[in-house]
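J.: So that we are looking at the same thing, I have put the structure below in structure tokens.
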Amino acid sequence: MTPEERLRALAAGQAGALETLAMMQASTLESSRLDRATYLLVRLAALVATDAAPVAYRTHLAPAGELGVSPADVLGTFAAIAPIVGSARIQSAAATLARAGLLPTGAGQGSTSTS
């Protein structure tokens, strides 16, 4: 596979290219010494701060397709980082989570406000 083909595969979120990224990240949870939920929320904050694309959210947060933390935890993370990254970045991240298919499920999901 040429470098151009690898880049295209990575941009498309194709499994083969993502496997390389997964191997690079294999021990980061263990090395961090954080519990899984905290680890995912820290990664979420980093993705928000870098204005990452939906494919990056899927790659770094949920290879299985589910974020695995509560809506309250996601909103709490957004509240904690909003003064640093700004409200536009938070709104963009919420929309990106939706596009990536990673919005947490649970009671009251439809009542989330964008104010």
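J.: When you scan region 83-103, how many residues do you find that are assigned to a helix (DSSP H, G or I), surrounded by 15 or more Cβ atoms within 10 Å (Cβ to Cβ) and of a type outside the set (Ser, Thr, Tyr)?
T.: 6
J.: To continue, here is another question. Being of a type in the set (Lys, Arg) and closer than 24 Å to ALA12 by Cβ narrows it down to one residue among ARG43, ARG89; which is it?
T.: Numbers: ARG89 fails: closer than 24 Å to ALA12 by Cβ.
Of the residues listed, the single one that is of a type in the set (Lys, Arg) and closer than 24 Å to ALA12 by Cβ is ARG43.
J.: Which one is modelled with the lowest pLDDT, of the residues in region 57-82 that are out of contact with any helix residue (DSSP H, G or I) (no Cβ under 9 Å at 6 or more places or on another chain) and part of a loop (DSSP other than H, G, I, E, B)?
T.: ALA64
J.: Restricting to region 70-95, name every residue that is among the hydroxyl-bearing types (Ser, Thr, Tyr) and over 20 Å from ALA37 (Cβ atoms).
T.: If the condition is that a residue be among the hydroxyl-bearing types (Ser, Thr, Tyr) and over 20 Å from ALA37 (Cβ atoms), then SER87, SER92 are the ones that fit.
The values are calculated or read from the model by the stated rules, or taken from the named source; none is laboratory data. Since we're looking at a predicted model, the values are computed, not measured. Methodologically, a virtual Cβ is constructed for each residue, glycine included, from the backbone with ideal geometry; neighbour enumeration extends over all protein chains shown.
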